[in-house]
1. Along the Cα-to-C-beta direction of residue 259, a point sits 7 Å from the Cα; which residues of the stretch 173-203 have their amide N less than 11 Å from that point?
2. Rg(Cα) of the chain divided by 2.2 N^0.38 Å?
3. Given the options 221, 165, 324, identify the residue whose Cα lies farthest towards the positive end of the charge dipole of the chain (+1 on Cβ of Lys, Arg; -1 on Cβ of Asp, Glu).
4. Using modelled backbone amide H atoms (1.01 Å from N, in-plane), which distant-in-sequence or interchain residues come within less than 5 Å of residue 275's amide H?
5. When the Karplus curve 6.51 cos²θ - 1.76 cosθ + 1.60 is applied with θ = phi - 60°, which whole-Hz ³J(HN,Hα) does each residue of the stretch 328-343 get, with x for Gly and Pro?
6. Amide H to amide H, which residues 5 or more places from residue 357 or on other chains are under 5 Å from it, using H placed in the peptide plane?
7. Longer than 23 Å from Cα to Cα, which of 222/327; 130/333; 130/355 are they? Say none if no pair is.
8. Using the charge dipole of the chain (Lys, Arg: +1 at Cβ; Asp, Glu: -1 at Cβ; taken about the Cα centre), state which of 132, 376, 451 has its Cα farthest towards the positive end.
Amino acid sequence: MSSMKKTTSNEMWGGRFAARPDAIMEAINASIDVDRRLYAEDIAGSIAHSAMLADRGVISAEDAAEIKTGLETIRGEIEAGTFNFSTSLEDIHMNVEARLAELIGPAAGRLHTARSRNDQVAVDFRLHVKAACFAVVEALDAFTAALLDRAEEHAATVMPGFTHLQVAQPVTFGHHCLAYVEMAARDRSRCLDAISRMDESPLGSAALAGTGFPIDRHATAKALGFREPTRNSLDAVADRDFALEFLSLAAICATHLSRLAEELVIWSTPQFGFIRLSDAFSTGSSIMPQKRNPDAAELVRAKPGRINGALISLLTVMKGLPLTYSKDMQEDKAQVFDAIDSLLLAIRASTGMVKDLTVNEAAMRRAAGHGYSTATDLADWLVREAGLPFREAHHVTGRAVKLAEDRGVALDALSLADLQAINPAITDGVYAVLSVDASVASRTSYGGTAPDNVREQIRLWRERIAQRSAAG
C-alpha cells in the first residue's frame, strides 16, 4: 500500500472549517467507493490541464513535468492495487491530489489552478460515458455480425411469424434475424448521436463562472479527444444530459435484447423446440437432472429492470435542481456505471447465444404451417387471379379456413371441389400459393421475407459495414 498520510477533508478544503465533520456526514458525503472508477479519466484530465497551464505561463514547465510524473506514478499504483483510497478525502479527485502532494510536494498545489471539482468531475464523467458509448458500438457490431451470419445460414429456413404470439404468416428465420439487425443499427446510431452531443469539454469552466487565468480551453479539449470546449460555463458544470442520454439509449437497446431473449426462452422450450441453446449459455437444475435452463437469456431479459431504474433514478435526481452544481449530483454515477456494465454484458451474452444456438429447421417448418398461416395467401390469390375485392376475398378465405378446421386438415388438403363450392372462381392454380414455401417466396415486396430479399439485405448490410470500416 502507498504511504498516504491521514489527510482530512478539512485540510483539503482550506481554512474555513475548524472541526472535523461528523462520521455520518463523512459517510454520506464520500463518493470514493463509486467514483474511484474514474481514476484514468481524472488523471488524464489533470495531465492535460497542467500541460496547458504551463504552455500559458500560469505554472512553470518544471512544475508541470513534476505533476505529470507524479500522476503517472499514481495511475500505476491504482492499476497495481497498491493505492490507499481514503473515505475522508471524499472522492477520486481529492484522493489523487492528496497522494500527488505526498509524491512531489508543493508543486502539487498548483494543479488545481483555474479549475474546480465541478468542472473536473464533469469532464471525467463525460470522458467515461463517451468511452462507454464507443464500447457499446463495438459490442453491437459483434452482435450484428453474429445475426448476419445466422441470417445468411437460414435465409430460406421457414418458420412461423407471429402476431399476439399466434401463428400469423410464414416467414424465414433469416428474415427474423434481420429484424434484430435493424434494431441494433438504430441502437448503434443513437450511440453515435449521443457521442456527438457529449463531445464537448467542460474543463476550464471552473466552479461555474469560468476563470480569470489565461487558459486555453481549446487545447485541453483537443488533448482529451473532445471536438471542442463547452460554450457556457454554467451549463457545463450543471449538465448531465450526456448521462441521461446514455441511460435512455441503453434502456432502448436493453429492451431490444430483452425481446430477443424472451423469444430464445420460448423457442428453447420442448413445446416449441425451435432452437437449442449451447451448454455454454445454459444451466442445469439442482434437483431435476433433465432440465436445461436458458438462464443467460432470462438474465438478459431482466436487464432492462436495472437500466430503466437507473434512468428514472437520475431523471429524479436532476429534476428541479437550480443552476449550477448541487451535491445531489454526486448521486449521478452509481446507476450509470451499473447500466454500462449491465448493457455491455447483455449485448455480449446475446451475441454468444446467437452464435452458438442450434436451429431445429424441421420443428420451425412444421410450426409454420399451423394455424392456417397461408390463409392470407389464398385471399391475395383471389384478389390477384379471380378479381375479387379484398374484403370479399377475406370472407371467402374465412369460409375455407372454417371448412379445413372442421375437417382437421390443412388448407392445401382441401380438394378443388371443396374450394369451388365456396367460390367457383377458384382454380387449381391456387395450390401454388398454399404451401409455406410458396408463401414466403411470394413475399417479394421491399422489406419482405422472400429468401432472395433476405439475401439481398444481407449483402447490403455487409456492404454498409465494409464501407464503415473503410471510413474508419
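1. Under cut-off, by backbone N: 179-184.
2. 1.34
3. Sorting the options by dipole projection puts first 165.
4. Answer set, sorted by chain and number: 268, 360.
5. Karplus-based 3J(HN,Hα) across the stretch 328-343 equals 3, 5, 5, 7, 8, 9, 4, 6, 5, 4, 5, 5, 4, 5, 5, 5 Hz.
6. Close amide H contacts, sequence-distant or interchain: 278.
7. On the way: 222/327 29 Å; 130/333 14 Å; 130/355 28 Å.
Pairs exceeding 23 Å: 222/327; 130/355.
8. Positive-most Cα among the choices belongs to 376.
Only the coordinates and a few stated rules stand behind these numbers; no lab work does. Keep in mind that what you see is a predicted model, and the values were worked out from it rather than measured. Because the Cβ atoms are built from the backbone with ideal geometry, glycine has one as well, and the counts that use them run over all protein chains shown.
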